[in-house]
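A.B. asks: Handing you this structure, nothing more for now.
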Amino acid sequence: MAENATKHTPLEDAQGLGAGVFLCALGLVFLTHLGFITGQTAGIAVIISYLTGWSFGPIFFVINLPFYLLAWHRLGPEFTLKTVLCVTALSVLTSVIPQGFGITHLNPALGAIAFGVMTGVGLLALFRHKGSLGGIGVVGLLIQDTTGFRAGYFQLAVDLVIFCVAFLLFPAERVLYSLLGAVVLNLIIAINHRRDRYLGT
């Protein structure tokens, strides 16, 4: 099937990556509004942000810097450049989006699920157009491409470690709601992200 497919045009990539980053940023706005955490590199940045009071965006950008070298050598310059653009855009959007609307009430369980769905679908769009949000996602994609072990399952394992640490820092109820969102996110990726199903890549 893939033999008859055509590659994405630059416009298609821009649309797919832009929509994916926007969904991820919106999901993170929901997450941080509730004071929840998440896994992967974004989760580390969120935890540091809560503990220090620093803004999420700059922390997330800096944490990703070491992973760009790995991505460049193992996944190629196209993937790396798209990832740098996506990480930069997410760092900006997570600061800009909350200025556009306010949340007066959000059920914790609904917010966690909404975060998981929006961010999971957003990440699928990024992967579909050969991009990512860097960090653990880069390692997960590399492992999937070299061993066949699903990126979502790898990321879920990393998330479990992060959440075990979070139980030592935050109230248990807060961490459990956060874990719900992370499970939804990673199951969406694990079930739906398969490169052999993609055309036009």
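The values are calculated or read from the model by the stated rules, or taken from the named source; none is laboratory data. Nothing here was measured: the structure is a model prediction, and the numbers come from that model. Here the Cβ is made from the backbone with ideal geometry for all residues, glycine too, and neighbour counts use every protein chain on show.
A.B. asks: Identify all residues within the range 42-61 that are of a type outside the set (Ser, Thr, Tyr), more than 14 Å from the chain's Cα centre (by Cα) and either under 24 Å from residue 118 (Cα atoms) or surrounded by 15 or more Cβ atoms within 10 Å (Cβ to Cβ) (or both); write none if there are none.
C.D. replies: 47, 48, 58, 59
A.B. asks: Now for a separate question. It is to be established whether one or more residues within the range 5-13 are in a helix (DSSP H, G or I), surrounded by fewer than 17 Cβ atoms within 10 Å (Cβ to Cβ), among the charged types (D, E, K, R) and modelled with pLDDT of 85 or more.
C.D. replies: yes
A.B. asks: Given the options 67, 36, name the one that is surrounded by 15 or more Cβ atoms within 10 Å (Cβ to Cβ) and part of a helix (DSSP H, G or I). Break it down stepwise before answering.
C.D. replies: Numbers: 36 fails: part of a helix (DSSP H, G or I).
Sole residue among the options that is surrounded by 15 or more Cβ atoms within 10 Å (Cβ to Cβ) and part of a helix (DSSP H, G or I): 67.
A.B. asks: Please specify each residue of the range 85-118 satisfying the condition of being touching a residue at least 40 places away in the same chain (Cβ under 8 Å), of a type in the set (A, V, I, L, M) and assigned to a helix (DSSP H, G or I).
C.D. replies: 85, 87, 89, 90, 93, 97, 109, 112, 113, 114, 117, 118
A.B. asks: For the range 91-118, give me each residue that is within 22 Å of residue 187 (Cα to Cα) and surrounded by 18 or more Cβ atoms within 10 Å (Cβ to Cβ). It would help to see each step written out before you state the result.
C.D. replies: Within the range 91-118, the subset within 22 Å of residue 187 (Cα to Cα) is 107-118.
111, 112, 113, 114, 115, 116, 118, listed by residue number.
A.B. asks: I'd like to verify a number: residues in the range 70-86 that are over 18 Å from the mean Cα position of the chain (by Cα) and of a type in the set (Lys, Arg), how many?
C.D. replies: 1
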